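A.B. asks: Mind looking over this structure? Questions follow.
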Amino acid sequence: MVHPNCQNRGIGKELMKEIETIFGNVRFELFTASINSKNISFYEKLGYKGYKTGKLAGIESHFLFMEKCY
């Protein structure tokens with residue numbers, strides 16, 4: 001997570017690339033609020049694809065679950 005004052009500077013992209021490099025060629029999975037188009041676009045640019053939507057227990061929002069496979 002990048003503080004809002006520091007967003008749009010490539011920090012999140014570099015963090016994600018570093019995480020993916022450290023863990024190698026595995027399947028990565030994440031989720032984000034389905035109404036958050038900025039986050040969804042960011043993850044899609046990094047190669048993540050949505051594969052299901054759903055709710056988490058105790059939370060009202062719907063989520064988009066995304067994955068990136070090597």
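The values are calculated or read from the model by the stated rules, or taken from the named source; none is laboratory data. Here the structure is a predicted model, which means the values were calculated and not measured. Virtual Cβ from ideal backbone geometry, glycine too; neighbours counted across all protein chains shown. The area values use the complete protein model at the heavy-atom level, side chains included, leaving out ligands, DNA and RNA. Shrake-Rupley method; radii C 1.70, N 1.55, O 1.52, S 1.80 Å.
A.B. asks: Which residue, ILE22, ASN36, ALA57, has the largest displacement toward the positive end of the dipole of the chain when charges sit on each Cβ (Lys, Arg +1; Asp, Glu -1)?
C.D. replies: The one lying farthest along the dipole's positive direction is ASN36.
A.B. asks: Continuing with this model, one more query. Considering only protein heavy atoms and a 1.4 Å probe, what is the carbon-and-sulfur percentage of the accessible area of the chain?
C.D. replies: 55 percent
A.B. asks: Give me the 1.4 Å probe accessible area per residue for the chain, excluding ligands and nucleic acids, in Å².
C.D. replies: Counting only protein heavy atoms, the per-residue value for the chain is 76 Å².
A.B. asks: Give the residue list of GluC sites (Glu not before Pro) in the chain that are DSSP loop and have at most 10 other beta-carbon atoms within 10 angstrom.
C.D. replies: Answer by residue number: GLU60.
A.B. asks: Do any trypsin sites (Lys or Arg not before Pro) in the range 6-44 lie in a loop, going by DSSP, with at most 11 other beta-carbon atoms within 10 Å of their beta carbon, and if so which?
C.D. replies: Those satisfying the criteria are ARG9, ARG27.
A.B. asks: Right, here's the next one. What value in Å³ per residue do you get for the convex hull of the alpha-carbon atoms in the chain?
C.D. replies: Given the Cα convex hull of the chain, per-residue volume reads 104 Å³.
A.B. asks: Okay, next question. Let me know the shape class of the range 1-40, please: from the alpha-carbon gyration tensor, a ≥ b ≥ c as square roots of the eigenvalues, rounded when a/c is under 1.5, otherwise prolate if a/b is greater than b/c, or oblate.
C.D. replies: The shape class here is oblate.
A.B. asks: Once every DSSP H run of n ≥ 4 in the chain is given -39500 (n - 2.57) and the sum is divided by its residues, what mean residue ellipticity at 222 nm do you get, rounded to the nearest 500 deg cm²/dmol?
C.D. replies: Per the formula, -9500 deg cm²/dmol.
A.B. asks: Determine the gain in length on full extension of the stretch GLN7-LEU30; use 0.36 nm per residue of separation and subtract their C-alpha separation, reporting nm with one decimal.
C.D. replies: Gain on extension, GLN7 to LEU30, equals 6.4 nm.
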